[in-house]
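Q: Input: one structure, supplied below.
The values are calculated or read from the model by the stated rules, or taken from the named source; none is laboratory data. Just so it is clear, the structure is predicted and the values come from calculations on it, not from any experiment. With ideal geometry, Cβ positions are generated from the backbone for all residues, glycine too; neighbour counts draw on all protein chains shown.
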């Protein structure tokens, strides 16, 4: 079983979690991708969190933190998040996506890469669904074993499970070809552990909210460029970047919403050369 970090906080109060995802930072901070400077857009999202008055106990960054896997990108991510007034006092956790280099991410962000964190009455488990050299995802036995051990150790804790890749189809041919390839193994395991209440991911660059039995299934907009689904195809959308907030209550209930950067704070689109495609 992986080590568990417990956040120091009042256990009788609801916990506030904020999800950021798909930041796509580059080694070079001025790089523009699909018309967006990804450094600037991340900073705009952080300013929006501050303007919204959100004060998270826990920030979850759910993959594709870097587009090129460069150590400099993770170092800059640490500096940007560490200096954000909105995140003062927050614990930060991250997991890799298909564009990340997991070894580099864990080397640069070791304390943020802890997979199991307790906050209030909840346990948050972060899984690595990456496959070297592939945009698609997979949950190896090592990750399924980590999950089962975390659930078996704390059957009385409500649980939120986070990953990068979508574990179910979202009606986009492109993204559905890059979801985890063994979702049946995940859901078979989860059927044995009813304390899992929320399944959270990134990867798709748009908002998604659906229920599967007792599970709330959620995806979140990117902090940079956005996709939408039209007639089963993904298209680049001009919506502003955003984040998801989740309030976790002691009785296992939750409230959530997505906030996008408002016009007054959205200054991220910069002229410059486009870079590689992303998902």
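Q: Pairs under 9 Å by beta carbon, first residue farther than 18 Å from residue 201 by Cβ in the stretch 221-233, partner crowded, with 18+ Cβ neighbours inside 10 Å and at pLDDT below 80, six or more apart or different chains?
A: Taking only residues 6 or more apart or on different chains, the pairs are 232/172; 233/172.
Q: How many residues does the stretch 214-252 hold that are more than 18 Å from residue 164 (Cβ to Cβ) and in contact with a helix residue (DSSP H, G or I) (Cβ under 9 Å, 6 or more places away or on another chain)?
A: Of the residues in that region, 5 qualify.
Q: Given the condition modelled with pLDDT of 90 or more and closer than 24 Å to residue 158 by Cβ, answer yes or no: does some residue in the stretch 236-244 qualify?
A: Yes, there is a match, as at least one residue in the stretch 236-244 is modelled with pLDDT of 90 or more and closer than 24 Å to residue 158 by Cβ.
Q: Here's something else I'd like to know. Determine which member of the set 71, 85 is free of Cβ contacts under 8 Å to residues at least 60 places away in the same chain, in contact with a helix residue (DSSP H, G or I) (Cβ under 9 Å, 6 or more places away or on another chain), within 24 Å of residue 28 (Cβ to Cβ) and surrounded by fewer than 16 Cβ atoms within 10 Å (Cβ to Cβ).
A: On the way: 85 fails: within 24 Å of residue 28 (Cβ to Cβ).
Matching residue, one of 71, 85: 71.
Q: Could I ask something else about it? If we scan the stretch 122-140, do we find a residue that is out of contact with any helix residue (DSSP H, G or I) (no Cβ under 8 Å at 6 or more places or on another chain), in a helix (DSSP H, G or I) and over 27 Å from residue 56 (Cβ atoms)?
A: The answer is no, given that none of the residues of the stretch 122-140 is out of contact with any helix residue (DSSP H, G or I) (no Cβ under 8 Å at 6 or more places or on another chain), in a helix (DSSP H, G or I) and over 27 Å from residue 56 (Cβ atoms).
Q: Output the residues belonging to the stretch 6-26 that are modelled with pLDDT of 85 or more and part of a strand (DSSP E or B).
A: Those that are modelled with pLDDT of 85 or more and part of a strand (DSSP E or B): 15, 16, 17, 18, 19, 20, 25.
Q: Could you tell me whether residue 29 is touching a strand residue (DSSP E or B) at 6+ places or on another chain (Cβ under 9 Å), surrounded by fewer than 18 Cβ atoms within 10 Å (Cβ to Cβ) and in a loop (DSSP other than H, G, I, E, B)? Break it down stepwise before answering.
A: Numbers: touching a strand residue (DSSP E or B) at 6+ places or on another chain (Cβ under 9 Å): yes; surrounded by fewer than 18 Cβ atoms within 10 Å (Cβ to Cβ): yes; in a loop (DSSP other than H, G, I, E, B): yes.
Against the criterion (touching a strand residue (DSSP E or B) at 6+ places or on another chain (Cβ under 9 Å), surrounded by fewer than 18 Cβ atoms within 10 Å (Cβ to Cβ) and in a loop (DSSP other than H, G, I, E, B)), residue 29 qualifies.
Q: With (1) under 17 Å from the mean Cα position of the chain (by Cα); (2) under 19 Å from residue 139 (Cβ atoms) as the list, and residue 221 as the residue in question, which single condition is left unmet?
A: Of everything listed in (1) under 17 Å from the mean Cα position of the chain (by Cα); (2) under 19 Å from residue 139 (Cβ atoms), residue 221 misses just condition (2).
Q: Here's something else I'd like to know. Which members of the stretch 158-188 meet the condition of being surrounded by fewer than 18 Cβ atoms within 10 Å (Cβ to Cβ), modelled with pLDDT of 95 or more and closer than 30 Å to residue 251 by Cα?
A: Result: 183, 184, 185, 187, 188.
Q: Does any residue of the stretch 99-110 turn out to be without any contact (Cβ under 8 Å) to a residue 40 or more places away in the chain, under 29 Å from residue 250 (Cα atoms), part of a helix (DSSP H, G or I) and touching a strand residue (DSSP E or B) at 6+ places or on another chain (Cβ under 9 Å)?
A: no
Q: OK, next. For residue 76, only one of the following conditions fails: (1) out of contact with any strand residue (DSSP E or B) (no Cβ under 7 Å at 6 or more places or on another chain); (2) surrounded by fewer than 22 Cβ atoms within 10 Å (Cβ to Cβ); (3) assigned to a helix (DSSP H, G or I). What is its number?
A: Only one criterion in (1) out of contact with any strand residue (DSSP E or B) (no Cβ under 7 Å at 6 or more places or on another chain); (2) surrounded by fewer than 22 Cβ atoms within 10 Å (Cβ to Cβ); (3) assigned to a helix (DSSP H, G or I) is unmet by residue 76, namely (1).
Q: Continuing with the same structure: Go through the stretch 33-68 and count every residue that is over 19 Å from the mean Cα position of the chain (by Cα), surrounded by fewer than 20 Cβ atoms within 10 Å (Cβ to Cβ) and under 26 Å from residue 135 (Cα atoms).
A: The total comes to 2.
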